Structure formats: structure tokens, C-alpha cells
Amino acid sequence: KAGVTQTPRYLIKTRGQQVTLSCSPISGHRSVSWYQQTPGQGLQFLFEYFSETQRNKGNFPGRFSGRQFSNSRSEMNVSTLELGDSALYLCASSQLGGNNSPLHFGNGTRLTVT
Amino acid sequence: AQTVTQSQPEMSVQEAETVTLSCTYDTSESDYYLFWYKQPPSRQMILVIRQEAYKQQNATENRFSVNFQKAAKSFSLKISDSQLGDAAMYFCAYRSGSSGGSNYKLTFGKGTLLTVNP
């Protein structure tokens, strides 16, 4: 079974631009969550989707948004990029979300904002 | 809000020896789950071990075991017979056991970088 796939692996953008990151969950997994990882703040929860519905959102500005498609694939979008958005963005999938569904993480997308 | 604290930014251990990574957390909930994740240079987070708060018995997975002290809100990871492949960043994480939105996210500590010396 293929794991969680995140594309692209690396991305370089300029301040003010917008970016879209993609995540394909493990087949059969309906929950997708996103995390931002930076050296200063560590790992922070962005949002979680299940069956195309956002069930929880972290404390990030409205520039960060996401969505999930009917095939469970998910995208996250960051508009008006700032230097502080440079981070590793991790996607994780699970069958149902919640406590009886272990999270499986992808290899992440490394975003650099210049 | 729940917080997770890992007080050891870096640790090192000799191959074949035992090392313990510390984690404390703060919560007012009685139902929750605790995890240790490993992140090697490949960047992929890998689940090492998980503990349900309602279980008194400490979880064990091969060479990995935890010391869960619920009253002290402490959750340490012991790695026995350390191997070179154990070298990675280790994260302690908390998940609420209550229903609703908080159940669907992990709160992570800042991590401990483990070096294994041959």
C-alpha cells in the first residue's frame, strides 16, 4: 500500500506570492491533517479534514486555508506569503481521525519564502 | 490548552546502551492519549509508541518502552540496546480523548535530538 504522498518536496516562493501544497492520503483513509514545522515554533497543527469537512483548525491566520476532495486528497493554500511561512509542511492521514486511527505522515513539503 | 514539554533538546547514547527521553505535559483532561514519534533525516514522522491514559500498564514496543506517571503528568521514553538507526529527532505528543474537534489534532513537544555513537 502506498504511503502518504506530498507534492512537491521542495518549493521556493517570493514574499507576497501564494502557494498550494498537495497531499494524497493512504488509500482508504478519509481523514487528512496538516502541520507546520519550524525550528522556532516546532510542530503546530493547521487543520484537519474528514469527508471534505474541516473538523478542527489551529491558530493560524486566514491566509492559511485548505480543502479536501471527494477522493480524500487534500490541498492547503497559503496566500500573501511572508518570510515566516518558511517551514516544513507535513500532511498526515488516518482512517477516521480520532483516537483509534493512528496517523501516518508524509515526507513533507519544504517551503522557502524569499 | 494542553502543553507538552521536552526539557532535553539533545541527548546522546552509545550504541547498545540505554537512554531515556523525558516528556511532561499539562492538561485538565482525564481522557487522553500520548505518543512518541521519531523523525529521521528523511523527515517522515514515524509512530514509535502510544499510551492510553486510562491504562495503568506502561506500553512497550520491542526495544522501546514508556514510563507513564499520570499523577505527575510525565511520559518518558526508554530505548534499550540503542542502534545507529535510532538516531533521529524524537517528539512527544498529546491527543485529547474527548469527542469533538480537539480529538483530531496532536499537540507536540519541541523535540529531542538523539545521537547514537558507535
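Under the combined filter of DSSP loop state and at most 13 neighbouring Cβ atoms within 10 Å, the range A:22-114 retains these trypsin sites (Lys or Arg not before Pro): A:R63. Remark on B:V66: its backbone amide H falls under 5 Å from those of B:A59, B:K78, a criterion applied only to residues 5 or more positions apart or on other chains, H modelled at 1.01 Å from N.
The equivalent ellipsoid that matches the C-alpha gyration tensor of chain B spans semi-axes of 25, 15, 12 angstrom, in descending order. Among the chymotrypsin sites (Phe, Trp or Tyr not before Pro) in the range B:1-79, those placed in a DSSP loop whose Cβ has at most 15 other Cβ atoms within 10 Å are B:Y54.
Database remark: amide H of A:F47 closer than 5 angstrom to the amide H of A:W34, A:G58 (H placed geometrically; neighbours at sequence offset of 5 or more, or on other chains; Pro and chain starts carry no H). Neighbouring Cβ atoms from other chains, within 10 Å of the Cβ of residues in B:104-114, number 5 on average. Binning all Cα-Cα separations of chain A at 5 Å, short to long from zero, yields these whole-percent fractions: 2, 13, 24, 26, 19, 10, 4, 1, 0. Here B:K110 is the anchor, and the lysines within straight C-alpha reach of less than 21 Å, apart from those fewer than 8 places off in the same chain, are A:K57, B:K38, B:K70, B:K73, B:K78.
Look at where the Cα atoms of the range B:35-91 and of the range A:32-96 average out, and the two centres are 25 Å apart. Charged side chains reduced to their Cβ positions (Lys and Arg at +1, Asp and Glu at -1) give the range A:19-105 a dipole of some 180 debye around its Cα centre. For the range A:28-114, chymotrypsin sites (Phe, Trp or Tyr not before Pro) meeting the loop criterion (DSSP other than H, G, I, E, B) and having at most 12 other Cβ atoms within 10 Å: A:F69.
Per the Debye calculation on the protein assembly as shown with a single equal scatterer at every Cα and no solvent contribution, log₁₀ I(q)/I(0) for q = 0.11 Å⁻¹ amounts to -0.56.
Every number here is computed from the coordinates shown, using simple stated rules; none is lab data. In this text the structure is predicted, and so the values were computed from the model without any measurement. Counting neighbours? That spans all protein chains shown, and the Cβs are built from the backbone with ideal geometry, glycine included.
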